[in-house]
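The values are calculated or read from the model by the stated rules, or taken from the named source; none is laboratory data. In this text, all values refer to a predicted model and were calculated from it rather than measured experimentally. Reconstructed Cβ throughout: ideal geometry from the backbone, glycine too, with neighbour counts over all protein chains shown. Accessible surface areas use protein heavy atoms only, side chains included; no ligands, DNA or RNA. Shrake-Rupley method; radii C 1.70, N 1.55, O 1.52, S 1.80 Å.
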Amino acid sequence: MNSDQVALVGQVFESYISEYHKNDILLILKERDEDAHYPVVVNAMTLFETNMEIGEYFNTFPNEVLTVFDSALRRSALTILQSLSQPEGASMKQNLHARISGSKAICWKYSTIYEGYPGR
């Protein structure tokens, strides 16, 4: 993926997380274990409807896109944490991982990707 594609995927995913998974992120930020791995399960169809290019990039560059998703997830979590007026008990978690669900074809095709992916 080139730098423009990485930027687009990251921006779209960050926006998607803020809109659809803010409560999931808040719950994770309130967890005590900062070293645990925390998955955020994303519905493929909803995400790809947001921006069709994301689905194309995911099908073409699955490993790279998952890495971009994880980075965008951390940026989104940091933004959400910083927006809290009283962040008592909340702390940043570094081990956030996007998990794509909702499409049997995608899940079946890329199930082997997750086997070697951190935080599986």
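Find the helices (runs of 4 or more DSSP H) located wholly in the stretch 19-89 whose residues include 2 or more that are under 17 Å from L8 (Cα atoms) and touching a residue at least 60 places away in the same chain (Cβ under 8 Å), and list them.
Qualifying helices (runs of 4 or more DSSP H): 62-83.
Quick one: which residue in T60, T79, T67 is surrounded by fewer than 20 Cβ atoms within 10 Å (Cβ to Cβ) and either more than 16 Å from the chain's Cα centre (by Cα) or not β-branched (V, I, T) (or both)?
T60
Got a number for residues in the stretch 15-36 being hydroxyl-bearing (S, T, Y) and either open to solvent by 90 Å² or more (accessible area, probe 1.4 Å) or touching a Gly at 6+ places or on another chain (Cβ under 8 Å) (or both)?
1
Restricting the search to the stretch 94-113, which residues are at pLDDT 75 or above and over 23 Å from T46 (Cβ atoms)?
Scanning the stretch 94-113 gives Q94, N95.
When the residues of the stretch 2-14 are filtered to those that are in a helix (DSSP H, G or I) and open to solvent by 70 Å² or more (accessible area, probe 1.4 Å), which remaining residue is nearest to S76 (Cα to Cα)?
Filtering the stretch 2-14 for residues that are in a helix (DSSP H, G or I) and open to solvent by 70 Å² or more (accessible area, probe 1.4 Å), the one nearest to S76 (Cα to Cα) comes out as Q11.
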